[in-house]
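Notes to accompany the following structure.
Values in this text are rule-based calculations from the coordinates and carry no lab data. This structure is a prediction, so every number in the text was calculated from the model and none was measured. Note that we place each Cβ from the backbone using ideal geometry, even for glycine, and neighbour counts take in every protein chain shown.
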Amino acid sequence: MNRSQRSRRKKKTKTNGDRSERKTRGDKSERRKAKKKDVSERRKKKVSSSATPSSTASGSTGNSTGSTGNTAESTGNTAESNGNTAGQTSIIATEPCNTEKKEKEKEQWSGEETAKKMISNGLFDSSAIVSAYKDLSIDKPPATSCTVFTSNLPKIRAPDFPIPDEKLIKLSHAPENFICAAKVTVPEFSRTMILTQTPDVSEKQNIEDFWRMIFQEEIQSVVIAIMPLECSVTLQQLFPLLNGTFSNHGKMFLNNKKVESSVGMTSYSLEILPDGCSNSLLTTVYHIHNWRQKRGLDNVGELVSTIEKVVKTNENTVFMSMNGIGRAGTMLSLFTSMIHIRKGIEVNTKEIVQKLRSERCGIVDSAEQFGTIHRAMAFWFKNKSQDEEIQKKVNEFAPCVQ
């Protein structure tokens, strides 16, 4: 075989190899195409077989879009809701105040109509007040009915104003011991009411007897109106003034449990216990400051608030001043007037004082004290009433009452 023949054979073999290779590649390509076609057909079948889910999916997609819109709307609503919530919170926050205001507007003072009638009848007529005090009479009980009082004159600060034997407080532990204290009947008040002088501190027995009386009569409120160092008497001599301190007066133990002080009044919560007794008595002592003997009280605000507390507690009470008739009687007259007015009963101050003088002669011993009763009621009316006419009359009578 010559070279040319070998060359042609090689070319033929190569050509056949190339053709075989191209055929193999073509076969592979065809197989890939067939495989892709099969996969595509399977997918189409799968898609066609699940047409409903596709529609659902498509619908879901649409709904998703709608949901997105709804979500946006919901978000807007939420924002609006939050705004409303904030507004509601604001309303809720202010609602108690509004409710309280409405309650105050709805709540009418029980003495409103009575106060109107009293004012229309000249309660705050200044000239009538002066005239009314001058017309008050002092009717003393007969000496024959005051034997115990007259036999104990050295222990009495106001000997010219006797107390009938039936009105005197008698101490159960020592009936022979005299105490200058009168039990007074107050209309519309069913509890015990006592007017008493400040004990003579020069004799320790007098202080012990005073607290014996408080314990015996179960007195829950004691209202004292004396000046500091008046007649050389200090409250420290009568009871412990500091919170947490105690004192003994004979067989009477006193424990100061609480002290509350303001400009015109100090209150003391006292525990009172006689020797040998297991049950103590809790009594509140109210001390009205800066009220001079036989004089009126300039700032009546603390007096009114104190008497109002005593009226509300509705418990056995003692009013005490140096002689037990002037300032003590003024407080009793105000107390009695307030009780009546709260119950809707119209009162005349002159008649009230005259009635109480029949129980304890000599009470309210100056025109200034009689005027203090009216100024105190003016202050009370001013704070309690919502009526414009009442406010006008009060301001005309006592424009700067406080």
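So how far apart, in nm, are the two label points at N279 and E112 if each is 7 Å from Cα heading toward Cβ? Each label point is offset 7 Å from its Cα along the Cβ direction, giving 4.3 nm.
Set the Förster radius R0 to 22 Å, insert the Cβ-Cβ distance between E389 and I345 as r into 1/(1 + (r/R0)^6), and round the FRET efficiency to 0.05. Calculated transfer efficiency: 0.60.
Considering the range 112-397 at the alpha-carbon level, its Rg and Dmax are found to be 18.8, 58 Å. The residues S366, S232, when put in order of fewest to most other Cβ atoms within 10 Å, stand as S232, S366.
In nanometres, what is the gap between the two model label sites at N243 and T150, each 7 Å from Cα along Cα-to-Cβ? Between N243 and T150, the simple spin-label model gives 5.1 nm. Using the Karplus relation 6.51 cos²θ - 1.76 cosθ + 1.60 with θ = phi - 60°, the per-residue 3J(HN,Hα) values for the range 171-176 come to 7, 5, 6, 8, x, 7 Hz, with x marking Gly and Pro. What the Cα convex hull of the range 149-197 gives, in volume per residue, is 88 Å³. Among the listed pairs K350/K384; K134/K294; K117/K343; K116/K393, those whose Cα-Cα separation exceeds 19 Å are K350/K384. In a fully extended conformation the segment linking D160 and S232 would gain 23.7 nm over its present Cα-Cα distance, using 0.36 nm per residue.
By the count of neighbouring beta-carbon atoms within 10 Å, fewest first, H289, H374, H173 end up ordered H173, H289, H374.
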